[in-house]
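Structure first, commentary second.
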């Protein structure tokens, strides 16, 4: 690719493959939220069984409940934003890009699917401004 040629991004904001991946990821995260809510008492019981020989188990149980609630909320937010971003990308709306970037940043804590989809989305949808300043070898011009 010659160094004087710049990369042109899609201007119609329609990314069908990325949109379908985000829609699927949003559904998976919403199912994960439902499972976290259903199995919350079991997780509490299992964590409580580990605290039988701790000096102050009530503080640790409070921290556990706080972190578990934060995990449920994060999973629900990631699921909703990912699903809406996927539908917006499939529909070709301009808001789909912003929603997908927000979903990408939020999903980076979910290994391995969230990291993979989040990094790919950030690479695909973030603008490349400095590319014309570099030659094909990667050296600055």
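The values are calculated or read from the model by the stated rules, or taken from the named source; none is laboratory data. None of these values were measured; they are calculated from a predicted model. All Cβ positions, even for glycine, are placed from backbone atoms using ideal geometry, and neighbour counts span all protein chains on display.
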Residue match in region 33-41 (condition: assigned to a helix (DSSP H, G or I) and at pLDDT below 95): no
Residue list for region 76-113, restricted to those being closer than 15 Å to residue 126 by Cα, without any contact (Cβ under 8 Å) to a residue 24 or more places away in the chain and under 9 Å from the mean Cα position of the chain (by Cα): 102, 104, 105
